[in-house]
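Novice: Take a look at this one; I'll ask things after.
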Amino acid sequence: MKKLSLTESYHKNLHVRRDSYPQHHNLWHYHEEIEFIYLAKGMGTLFVGDCIQSVAENSCVLIGSNIPHYWLFDGDYLHKHNPIDCIVIHFKPNFLGEGFYQLQEAKSIQQLISNSSRVMYLENCDAMFNDLFAYIHEKSDILKITKLIESLHYFEKYQPQMLISENYEVYTHSLDHKRMNDVINYIKDNYRNKVELDALASLAKMTKNSFCRYFKQKTGKTPIQFVSELRVAHACRLLKSSDMNLKEICFESGFNNFVNFHKIFKSVTDTSPKQYKKLNTITTI
C-alpha cells in the first residue's frame, strides 16, 4: 500500500484538479488529506477500506484521512476518445482552522468530517454539485473556500450512504505497497475468470495461510469475499446499463453457474439480480 504525499505545487491545505484520465486512482493508496470527489462522467468500482462499491456518473464520494482506496474505471473510460470527467479536491481535516468547528453553525460540517472515516457516498447528484465543484476547480478567490463549505453542507444534507463498516480498523500501513498493488492488479485483471488462492499467495511471496491473514488485515475481507464482491459490483453495473439477460451477466461477471451467482449477489446486495435491475435502471452511456 502506498502513501501519497502532495507535491510542493499543492496548496498546503487545499488542492483541486480535474482529471480526464485516471491518475493515482488506479493505485491502492492512502494519504493524510481528505478526498472529496465528484464524478461527472465515468463508471467503475471503488475499493475503499472493507467496501467494494459500484460507482456511476453524477456520484460524489468523501474519503477520510489515511483510508486506503483504489478506483477501477471501466475499460471504456480509459481511452482518449471516451475520457472520464472527475473533479478531485484534497484538503487537510483542519484546513479551516481549529476554531472553525467550534462555531455552532459548523457542527454539521464537523460531524461530516468525522464521518468521513466511514467514507460517504452519494449517487444521482443533481446539477448543483456539478456547478459547485466546477467553480471550486476554476476559481482562485476566497469563494473557492466558501464554495467548498457549501458543497460539504449540501453533501451532508442529502444524507450520503456510509460505505465502510463500523468495526473496520485502519492499521498502521507498512511500506509493502508494491505487494498489495500487485495482488489487486492481478485480481482486477482476472476476476472474470477463475482466481486461484495459490496464485495470489505466490504473487505475494507468502504461504496461503499467511497471505489470507495479510489480505484480511489490509481489506477487511478474505480473498474469496473480495473476488466475489468485485464480481457482484461488475454485475451491478451491467444490470444498470446493459441489455444483457441475467444468465449472460452471470457468466460475464465471472460466476460459474447461475445458482451461485444468485446466492452471492443476494448475500452482498440484499436483493436478487432481477429485483436489482428493476430498481436501478439507468440510461446506457
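The values are calculated or read from the model by the stated rules, or taken from the named source; none is laboratory data. On a predicted model such as this, the values are computed, not experimentally measured, just so you know. Positions of Cβ are backbone-derived with ideal geometry, glycine not excepted, and every protein chain shown enters the neighbour counts. Protein only, heavy atoms only, side chains kept; ligands, DNA and RNA dropped before computing areas. Shrake-Rupley method; radii C 1.70, N 1.55, O 1.52, S 1.80 Å.
Novice: Considering only segment 92-104, state which residues are of a type outside the set (Ser, Thr, Tyr) and closer than 21 Å to Phe36 by Cα.
Specialist: Lys92, Pro93, Asn94, Phe95, Leu96, Gly97, Glu98, Phe100
Novice: Further, regarding this structure: When you check Ile84 against the structure, is it in contact with a Pro (Cβ under 8 Å, 6 or more places away or on another chain) and either of a type in the set (Val, Ile, Thr) or open to solvent by 60 Å² or more (accessible area, probe 1.4 Å) (or both), yes or no?
Specialist: So Ile84 passes the test.
Novice: Right, Ser140: of a type in the set (Gly, Ala, Ser), over 30 Å from Gln225 (Cβ atoms) and free of Cβ contacts under 8 Å to residues at least 24 places away in the same chain or not?
Specialist: Values: of a type in the set (Gly, Ala, Ser): yes; over 30 Å from Gln225 (Cβ atoms): yes; free of Cβ contacts under 8 Å to residues at least 24 places away in the same chain: yes.
Spelling it out, Ser140 is indeed of a type in the set (Gly, Ala, Ser), over 30 Å from Gln225 (Cβ atoms) and free of Cβ contacts under 8 Å to residues at least 24 places away in the same chain.
Novice: For segment 133-150, what are the residues that are surrounded by 15 or more Cβ atoms within 10 Å (Cβ to Cβ) and more than 19 Å from the chain's Cα centre (by Cα)?
Specialist: Selection gives Ala134, Tyr135, Ile136, His137, Lys144, Ile145, Lys147, Leu148, Glu150.
Novice: Assuming Glu252 fulfils every condition listed in (1) under 28 Å from Tyr30 (Cβ atoms); (2) in contact (Cβ under 8 Å) with a residue 24 or more places away in the chain apart from one, which condition is it?
Specialist: Checking Glu252 against (1) under 28 Å from Tyr30 (Cβ atoms); (2) in contact (Cβ under 8 Å) with a residue 24 or more places away in the chain, the one that fails is (1).
Novice: Which condition breaks for Arg231 when tested against (1) without any contact (Cβ under 8 Å) to a residue 40 or more places away in the chain; (2) in contact with a Gly (Cβ under 9 Å, 6 or more places away or on another chain)?
Specialist: Arg231 satisfies all of (1) without any contact (Cβ under 8 Å) to a residue 40 or more places away in the chain; (2) in contact with a Gly (Cβ under 9 Å, 6 or more places away or on another chain) except (1).
Novice: Tell me which residues, restricted to segment 181-209, are closer than 19 Å to Ser253 by Cα, of a type outside the set (A, V, I, L, M) and surrounded by 14 or more Cβ atoms within 10 Å (Cβ to Cβ).
Specialist: Once the filter is applied, which keeps residues that are closer than 19 Å to Ser253 by Cα, of a type outside the set (A, V, I, L, M) and surrounded by 14 or more Cβ atoms within 10 Å (Cβ to Cβ), segment 181-209 yields Asn185, Tyr186, Lys188, Asn190, Tyr191, Arg192.
Novice: Among the listed residues Thr207, Thr222, which satisfies the condition of being under 25 Å from Pro273 (Cβ atoms), of a type in the set (Val, Ile, Thr) and without any contact (Cβ under 8 Å) to a residue 12 or more places away in the chain?
Specialist: From the options Thr207, Thr222, the qualifying one is Thr222.
Novice: If I ask for residues that are modelled with pLDDT under 95, outside any loop (DSSP other than H, G, I, E, B), open to solvent by 50 Å² or more (accessible area, probe 1.4 Å) and not basic (Lys, Arg), which ones from segment 162-180 would you list?
Specialist: His177
Novice: Arg237 versus (1) at pLDDT below 95; (2) out of contact with any strand residue (DSSP E or B) (no Cβ under 9 Å at 6 or more places or on another chain); (3) open to solvent by less than 30 Å² (accessible area, probe 1.4 Å): which is the lone unmet condition?
Specialist: (2)
Novice: Give me a count of the residues in segment 49-77 that are touching a Gly at 6+ places or on another chain (Cβ under 7 Å) and in a helix (DSSP H, G or I).
Specialist: 1
Novice: Which count do you get for residues in segment 18-48 that are small (Gly, Ala, Ser) and at pLDDT 90 or above?
Specialist: Count: 1.
Novice: Of everything in segment 228-285, what is charged (D, E, K, R) and assigned to a helix (DSSP H, G or I)? Give them in sequence order.
Specialist: Once the filter is applied, which keeps residues that are charged (D, E, K, R) and assigned to a helix (DSSP H, G or I), segment 228-285 yields Glu229, Arg231, Arg237, Lys240, Lys247, Glu248, Glu252, Lys263, Lys266, Lys274, Lys277, Lys278.
Novice: Specify the residue that is farthest from Met43 (Cα to Cα); the eligible residues are those in segment 88-146 that are hydrophobic (A, V, I, L, M, F, W, C) and part of a loop (DSSP other than H, G, I, E, B).
Specialist: Leu103
Novice: I'd like the full set of residues that are modelled with pLDDT of 75 or more and surrounded by fewer than 18 Cβ atoms within 10 Å (Cβ to Cβ), limited to segment 8-17.
Specialist: The initial filter retains those residues of segment 8-17 that are modelled with pLDDT of 75 or more, namely 13-17.
Result: Asn13, Leu14, His15, Arg17.
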